[in-house]
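Laboratory data are not the source of any read-out in this text; all were calculated from the coordinates shown. Since the structure is predicted, the reported quantities are computational estimates derived from the model, not experimental observations. Counting neighbours? That spans all protein chains shown, and the Cβs are built from the backbone with ideal geometry, glycine included.
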Amino acid sequence: MPIDQAANHCGVSVGMLSKLENGKGVNLERALRVMEGLGLTMLVVPKAHAALLEQAAVHAAKMDKNAAKERKVLIEE
């Protein structure tokens with residue numbers, strides 16, 4: 001999705017979305033608005049648990065990818 005469409009979809013300016021995309025400082029409220037607009041969420045956990053959650057996210061992404069492949073095969077049959 002082009003940045004202007006994403007910004008419009010999220011209700012923020014292109015400049016603000018560009019700052020966020022490039023790791024510049026932005027207002028938390030606007031960052032959360034962008035996340036909401038893109039269907040994302042933020043989970044705040046102790047740093048000690050971050051590695052476990054990253055592993056779980058990788059596993060979930062693999063499961064989603066495998067499920068999508070299976071659906072495609074079923075549709076083609």
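For the reader, a short list of remarks on this structure follows.
- Label-point separation in nm, Ser13 to Leu40, each point 7 Å along Cα→Cβ: 2.1
- For region 1-42: relative contact order, % (alpha-carbon pairs under 8 angstrom, 6 or more apart): 40
- For the chain, the 222 nm mean residue ellipticity estimated from helices alone, with every DSSP H stretch of n ≥ 4 adding -39500 (n - 2.57) and the total spread over all residues, rounds to -23500 deg cm²/dmol.
- Of all lysines in the structure, those lying under 29 Å Cα to Cα from Lys65, and not within fewer than 8 positions of it along the same chain, are Lys47.
- Tilt relative to the chain, helix 28-37 - C-alpha long axis, 0 to 90 degrees, to 10: 40
- Pair-distance profile P(r), taking every C-alpha pair of the chain, with 5 angstrom steps and integer %: 3, 13, 16, 14, 14, 17, 14, 6, 3, 1
- When each of the peptides 7-20, 46-59 is scored by the mean number of other C-beta atoms lying within 10 Å of its residues, the order from highest to lowest reads 7-20, 46-59.
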